[in-house]
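Step one of this worksheet: look at the structure below.
The values are calculated or read from the model by the stated rules, or taken from the named source; none is laboratory data. Note that the structure is a prediction, hence the values are computed from the model and not measured. Here the Cβ positions follow ideal geometry from the backbone for every residue, glycine too, while neighbour counts run over all protein chains shown. For the accessible areas, the whole protein counts, side chains as well, though only heavy atoms, and no ligand, DNA or RNA atoms are used. Shrake-Rupley method; radii C 1.70, N 1.55, O 1.52, S 1.80 Å.
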Amino acid sequence: MRLFRLSILAALAAVSVSSTTVEAQRRDRERMRWDTGPSRFTLVGDLLVAQPKGEFATELGTEGFGANIAGLFRLDREGLFSIRGDIGGMQYGSETFYAPYLPITGRVSLDVETTNNSYWGSLGPQITVPAGPIQPYVNAAIGFVALVTTTSVRGSDSEYEYASTNNSDDVTSAWIFGGGLYVPLGRRSDWKLHAGGRYFYSGEATYLTEGDIQDNPDGSITLFPRTSKTHQVTWQVGVAYTFPRSMRRR
């Protein structure tokens, strides 16, 4: 009988301990909350105006328009130091003339379009003041600049490209220095307005500009390439988005 009573007491004690443990776990789960905070990754998309400088400005005589995409990886939690990579491009000239599709009639015409483009990529560090209503930054990078001239043929009323030819292309290295600012859209918003500028201290390259391709009567062409340093400044305006991440907090 005594053994039976001891068994009952032990069972009740076990149930009590188990209930206490389950209740404690439930309270821990209630205290545990999921929250959303900024990750280490930010994407910046800009429209830009490019101004050639020095010899490049003399040869081109015009500004270019394009776009740039930058990706940043924060090295510290606050975002003071980051690694930044950029890819972008702009068009600094174009010319179009119309040619008959068949020699015997001009009722069907083709657009022969030549575009002069510049593309770039770069990688380097960025320092940002990560707090406040305006967050300035400076950066530096090493990269490349490619200058490409392409001629394509398409129907006058069609976007379909029948054929294209690379008339000229060259690549040079570049040191790039920049600065700008972010303006957060709200206290804890993942979105920011962005404005900035970058100076491309680029090397020498060979390229074509408007009018540098001459069409000869026999159907051949003659190129008049130019060679110079390719320094330029880009003025950029766009938006930045910091990807959120989920995290637990008590």
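Contact map, region 91-116: residues that are under 22 Å from N167 (Cα atoms) and part of a strand (DSSP E or B) paired with residues that are open to solvent by less than 80 Å² (accessible area, probe 1.4 Å) and among the charged types (D, E, K, R), Cβ distance under 6 Å, separation 6+ or inter-chain. Pairs shown: T96/D111; T96/E113; D111/R154; T114/E95.
Scanning region 79-105 for residues that are out of contact with any strand residue (DSSP E or B) (no Cβ under 9 Å at 6 or more places or on another chain) and open to solvent by 70 Å² or more (accessible area, probe 1.4 Å) gives P103, I104.
Here is a yes/no grid of residues against (1) among the aliphatic types (A, V, I, L, M); (2) touching a Pro at 6+ places or on another chain (Cβ under 9 Å); (3) without any contact (Cβ under 8 Å) to a residue 40 or more places away in the chain; (4) part of a loop (DSSP other than H, G, I, E, B):
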| site | (1), (2), (3), (4) |
| --- | --- |
| S118 | no, no, no, no |
| L123 | yes, no, no, no |
| A141 | yes, yes, no, no |
| V145 | yes, no, no, no |
| R154 | no, no, no, no |
| N166 | no, no, yes, no |
| I176 | yes, no, no, no |
| G196 | no, no, no, no |
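Residue check: F65 meets all listed conditions (1) outside any strand (DSSP E or B); (2) under 30 Å from V171 (Cα atoms) but one, namely (1). Restricted to region 212-231, and to residues there that are small (G, A, S) and either over 22 Å from V171 (Cα atoms) or in a loop (DSSP other than H, G, I, E, B) (or both), the residue that is nearest to the chain's Cα centre (by Cα) is S220.
Going through region 166-205 one residue at a time, which ones are aliphatic (A, V, I, L, M), open to solvent by less than 20 Å² (accessible area, probe 1.4 Å) and either over 17 Å from the mean Cα position of the chain (by Cα) or at pLDDT below 95 (or both)?
A174, A205
Reported count of residues in region 147-203, each being more than 21 Å from Q91 (Cβ to Cβ) and among the β-branched types (V, I, T), is 1.
Restricting region 106-126 to residues that are more than 26 Å from G89 (Cβ to Cβ) and open to solvent by 70 Å² or more (accessible area, probe 1.4 Å), which is modelled with the lowest pLDDT? Write out each step before concluding.
Here is the first cut: in region 106-126, the ones more than 26 Å from G89 (Cβ to Cβ) are 106-109.
Still in the running and open to solvent by 70 Å² or more (accessible area, probe 1.4 Å): 107-108.
On the way: R107: 72, V108: 75.
Going through the qualifying residues, I end up with R107.
Evaluation of T209 against the conditions (1) under 18 Å from F144 (Cα atoms); (2) touching a helix residue (DSSP H, G or I) at 6+ places or on another chain (Cβ under 8 Å) shows that the sole unmet condition is (1).
Only residues that are under 30 Å from K192 (Cβ atoms) and either open to solvent by 60 Å² or more (accessible area, probe 1.4 Å) or of a type in the set (S, T, Y) (or both): list them for region 208-238, please. Walk me through how you get there before you give the answer.
Quick first cut of region 208-238, residues under 30 Å from K192 (Cβ atoms) only: 231-238.
Within region 208-238, T234, W235, V237 meet the criteria.
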